[in-house]
Amino acid sequence: MLENRVYLGEAVHKGVAHPGEHAPIIDRVTWDRVQAIKADNAPRKRAAATRATTPARLRGW
């Protein structure tokens with residue numbers, strides 16, 4: 001729901017947003033605020049340097 005551009009009054013076709021023929025449900029300012037909050041809450045990816053360089057050894061106990 002928080003990513004559906006229909007709420008902005010837009011229609012998306014093949015990944016490209018176009019002005020829709022319907023009225024927006026929320027205003028652009030609210031949409032932008034929600035997207036900013038989502039971006040802040042996105043999980044951080046681990047840095048590649050923190051990963052082990054050798055595979056775990058589970059066999060041969």
For region 3-43, convex hull volume per residue from C-alpha positions, Å³: 68 Å³
Local charge sum around Ile25 (other residues, Cβ-Cβ under 12 Å, Lys/Arg +1, Asp/Glu -1)? 0
Quick one: 3J(HN,Hα) in Hz for region 20-32, Karplus 6.51/-1.76/1.60 with θ = phi - 60°, rounded, Gly and Pro as x. x, 9, 10, 6, x, 8, 10, 7, 4, 4, 5, 4, 5
Tally Lys/Arg at +1 and Asp/Glu at -1 over every other residue whose Cβ is under 15 Å from the Cβ of Gly15; what's the total? 0
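No value in this document is a laboratory result; all are computed from the given coordinates. The shown structure was predicted, so the numbers you read here are calculated from the model rather than taken from an experiment. Counting neighbours? That spans all protein chains shown, and the Cβs are built from the backbone with ideal geometry, glycine included.
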